[in-house]
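The values are calculated or read from the model by the stated rules, or taken from the named source; none is laboratory data. Everything numeric here is computed off the predicted structure, so don't read it as measured data. Counting neighbours? That spans all protein chains shown, and the Cβs are built from the backbone with ideal geometry, glycine included. Remember, those area values only see protein heavy atoms, side chains included, never the ligands or the DNA or RNA. Shrake-Rupley method; radii C 1.70, N 1.55, O 1.52, S 1.80 Å.
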Amino acid sequence: MTSAGHAPMRISHRLMMGLYQFIWYLALPLALARLLWKGRLQQGYRDHINERLGMSWPISGAIPRIWVHAVSVGETRAAAPLIDALIQSGEKILLTHMTPTGRDTGRQLFANHIASGQLVQSYLPYDIHWAVNSFYRYFSIKVGLIMETEVWPSLILSARQKSLPVILVNARLSERSARRVSRFANFAQLIYQSFTKILAQTNLDAKRYHSLGLSNVLVTGNLKFDVIPHPDQIEHALALKKQLNHQVQIVCAASTRDGEEALIIEAWQKFLKSKENTSDANYFCLFIVPRHPQRFDDVFTQLQSSFIKVSRRSTMNDQEFTDVINHGGVILGDSMGEMSFYYALSDIVIMGGSLLPLGGQNFIEACALGRPIILGEHTFNFQQASADVIDSRAAIRITDIDDLVKAMDLLLTNHQVKEGMSTNALDFANQHTGATKKIIAVVREAL
């Protein structure tokens, strides 16, 4: 009776997977065409297509025991403390990505590990059964660690069939995502329960996973609190600060997304206008650092049409760079992998991805450098962290352009408020470290 009762569910799962694979076969030509199309602006999309199809792999020497999947830039940076700790313990790592920017970030962050043969990079294959099987067959990994939200049914179910432990690390599930997943509750439960463990960032994330009927959830904290800002970039920034006029104050709009630059430009124009008749009028500088490099040229054009003094970070030497800052210019941060540098130079940070309904970008590194944060309304990707950082009085929540102008004015003109928030930001970042050790313990148990 029990077996018969469960048979329809198993058939339903098989039908779902069959439909899923059929859709992938239909979509594959479109996926390849998309790579070629996006490759017009970013060559990396046209490189290593064979890896995405499971046809060949970039490896020589010892085969890694541990596989870490970090889809793009944010996940790759978040994985850094975990990867460093695993390599220090003698492990070899396979690091996979889905985007060229993620792969480039990994190449920069782990250059020494790559050179020593302790880490190798690849694209993750598309979630088609033969590509996934080729991936598992070639690498023979002992445990897989998937960062944050990347859940591919074929990849996860195939690992379960092979008795390969796969752990969802630094896992987060927004309320919106939980509602979407719940529409396919039975199938979603099958996929998520196939993870050996789901290591959630917060109790709130764990509660949402539990609402799907999962029993394999453990709260280990957020790895992003363990990421150490780049020391060389901080040292460089501190050296340049000595060349700046002591009255200059810098606002960094970090990881901005399409449509947000226009809001920031309008707010900055209003802020500068309010200072026209003051002695501080020429001592404010704005950095805008877009999230995606393929948008650099478009954002630069937008800035040129809005301000007289606009420069690109990538075209200036240090002397030119500090001259622009000292003369109150607007600078496009079009250099990759330099967020620690921009944060260390800045006085306050406007966090991109939060001004429009995009979920927000990672503000934790800015807090670790003691920078007061201005957040928009839309931080559902960092729901608990954003609530905590505001409760810690390290961040200000704004709802519109006028709020943004007021927040900038408060922090740039009230030294006491700014310094208080700076101290709170450091405390906030330091109080939430420790996820790496907890995750390593689970990985050791799986091995």
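List of remarks:
- Taking 0.36 nm per residue of separation and subtracting the current Cα-Cα distance, fully stretching the chain between Ile23 and Arg179 would add 53.9 nm.
- Net dipole in debye of the chain [+1 Lys, Arg Cβ; -1 Asp, Glu Cβ; about Cα centre; nearest 20]: 1840
- Straightening the chain between Asp232 and Arg444 buys 73.1 nm, computed as 0.36 nm per residue apart minus the Cα-Cα spacing.
- With R₀ set to 56 Å, the beta-carbon distance separating Leu32 from His415 gives a calculated FRET efficiency near 0.50.
- Sorting the segments 68-74, 413-419, 389-395 by their residues' average number of neighbouring beta-carbon atoms within 10 angstrom, most packed first, yields 68-74, 389-395, 413-419.
- Counting only protein heavy atoms and a 1.4 Å probe, segment 307-363 has 32 square angstrom of accessible area per residue.
- Maximal additional length on extending the Ala115-Ser140 stretch stands at 6.8 nm, based on 0.36 nm per residue less the C-alpha distance.
- Fluctuation leader among Leu19, Leu345, Leu173 - the chain, Gaussian network, Cα springs under 10 angstrom: Leu19
- Take 270-278, 329-337, 430-438 and order them by the average number of nearby Cβ atoms within 10 Å per residue, most first; the result is 329-337, 430-438, 270-278.
- Look at the dipole of the chain built from charges on Cβ: of Ser346, Pro290, Asn112, the Cα furthest out on the positive end belongs to Asn112.
- Three-way shape label, segment 397-447, alpha-carbon gyration tensor, a/c 1.5: oblate
- For Arg444, net neighbour charge (Lys/Arg +1, Asp/Glu -1) across residues whose Cβ lies under 13 Å away: +3
- Cα gyration tensor, the chain - rounded (a/c under 1.5), prolate or oblate: prolate
- Sulfur and carbon atoms: percent of accessible area, the chain [1.4 Å]: 53
- For the chain, calculated [θ]222 nm from helices alone, where every DSSP H run of n ≥ 4 adds -39500 (n - 2.57): -15500 deg cm²/dmol
- Loop-located trypsin sites (Lys or Arg not before Pro) in segment 156-223, at most 13 other Cβ atoms within 10 Å (DSSP): Lys162, Arg183
- Taken along the Cα-to-beta-carbon direction at a fixed 7 Å, the label points for Met16 and Arg46 span 4.0 nm.
- Around Gln431: net Lys/Arg minus Asp/Glu count, Cβ-Cβ under 14 Å: -2
- When the chain is treated as a Gaussian network with alpha carbon springs shorter than 10 Å, the biggest mean-square fluctuation among Glu51, Glu261, Glu320 belongs to Glu320.
- Rounded if a/c under 1.5, otherwise prolate or oblate - segment 88-229, Cα gyration tensor axes: oblate
- Spacing of the two label points (7 Å from each Cα toward its C-beta) at Ile308 and Asn186, in nm: 6.9
- Selected from Ala237, His432, Ser140, residue furthest toward positive end of dipole (the chain; charges at beta carbon): Ser140
- Cα centre as origin, Lys/Arg/Asp/Glu Cβ charges: segment 146-260 dipole, Debye: 460
- Radius 14 Å from Cβ of Asp258, net charge of other residues (Lys, Arg +1; Asp, Glu -1): -1
- Links that overshoot a 29 Å alpha carbon limit, given the list Lys197/Lys224; Lys38/Lys162; Lys418/Lys438; Lys38/Lys241: Lys38/Lys162; Lys418/Lys438; Lys38/Lys241
- The spacing between segment 51-103 and segment 110-145, judged by their C-alpha centroids, is 7 Å.
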